[in-house]
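Everything on this sheet refers to the single structure shown next.
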Amino acid sequence: MKSIKESKWLYILLSVLVATSIWMYVRAGEDPEMENRVRGIPVTVAGDRVLENQGLMIDAISNQTVTLTWKGSWRDIGTLDKSSVSVGVDVSRITQPGVYELDYDVNYPPHVVTSAISLQSKAPQKITVTVSEIYSQRFEIHPLLKGSVASGYQAGEFIVEPQTVMISGVRQKVSRIDRVQVVLERKDMKESFSGELPLRLLDEKGQELDGEGLRFSADTAYTVLPVVVVKEIPLTVNFI
């Protein structure tokens, strides 16, 4: 009974494979015209270096992905997907802060013959880009020990390199920063620490801020905290 059931599933599997092969063969032979809609195609930005040279930066972009629909033969458009196609927005011609609606170009893989396919629709039709002036401010990096040293040990003074960091971005975001810290989280320390620590941004209320959209002259700071042994030595006085 078991061998009969196993044979039945084997025949079903073989039937599916044969049917799929025949379908692929017919499709490849007839090569019918069809539509292919692809969602989630990534948007790339070109010319942002030109913006920086003019003291400008992209503050916001309306879409990170787009949806495109093509019409053509199955052979020509069957390989188009979000991993092989991208769209590009050129911001190099922008010279002033503001909000711009820009057209985007479709970047095809090398094997695609663009004359053999037809782009039917784009969603969205344009990409909206918000451009703002770059604002920069230098902040001192403050080290903080969030923990403790072990009994019988004593922590020395922090050494931080670099001592300051330049943060650039939209004025509104940079102005929210009140303090920049590196935090060493260790308990019962018995030896010195040295290593890279990430920068943390705090507002005036001590709440941590997200650094998205900001640029830093350094993302981390090399931090050293010496830890030494404390030993009590009895003091004796000899009178002569």
Counting only residues that are polar (S, T, N, Q) and outside any strand (DSSP E or B), which one in the stretch 211-240 is modelled with the highest pLDDT? Ser217
Identify, please: which residue in the stretch 44-82 is within 24 Å of the chain's Cα centre (by Cα) and among the β-branched types (Val, Ile, Thr) and is, among those, surrounded by the most Cβ atoms within 10 Å (Cβ to Cβ)? Val66
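Do we find that Ile61 is more than 25 Å from Leu119 (Cα to Cα), of a type in the set (A, V, I, L, M) and modelled with pLDDT of 90 or more in this structure? Walk me through how you get there before you give the answer.
On the way: more than 25 Å from Leu119 (Cα to Cα): no; of a type in the set (A, V, I, L, M): yes; modelled with pLDDT of 90 or more: yes.
It is false that Ile61 is more than 25 Å from Leu119 (Cα to Cα), of a type in the set (A, V, I, L, M) and modelled with pLDDT of 90 or more.
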Which members of the stretch 216-240 meet the condition of being within 28 Å of Ser136 (Cβ to Cβ), open to solvent by less than 100 Å² (accessible area, probe 1.4 Å) and not aromatic (Phe, Trp, Tyr)? Ser217, Ala218, Thr220, Ala221, Thr223, Val224
Can you work out which of the residues in the stretch 191-210 that are over 18 Å from Gly147 (Cα atoms), in a strand (DSSP E or B) and touching a residue at least 24 places away in the same chain (Cβ under 8 Å) is least open to solvent (accessible area, probe 1.4 Å)? Leu201
With the requirement that a residue be surrounded by fewer than 13 Cβ atoms within 10 Å (Cβ to Cβ) and assigned to a loop (DSSP other than H, G, I, E, B), what does the stretch 168-177 give you? Ser175
By residue number, the members of the stretch 149-167 that are without any contact (Cβ under 8 Å) to a residue 60 or more places away in the chain and either in contact with a Cys (Cβ under 8 Å, 6 or more places away or on another chain) or crowded, with 16+ Cβ neighbours inside 10 Å (or both) are Val165, Ile167
Taking the condition modelled with pLDDT of 95 or more and touching a Phe, Trp or Tyr at 6+ places or on another chain (Cβ under 9 Å), does Gly195 pass? yes
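The values are calculated or read from the model by the stated rules, or taken from the named source; none is laboratory data. Here the structure is a predicted model, which is why all the values come from computation and not from measurement. When we count neighbours, we look across all protein chains shown, and the Cβ atoms used for this are built from the backbone with ideal geometry, even at glycine. Only protein heavy atoms, including side chains, enter the accessible area calculation; ligands, DNA and RNA are left aside. Shrake-Rupley method; radii C 1.70, N 1.55, O 1.52, S 1.80 Å.
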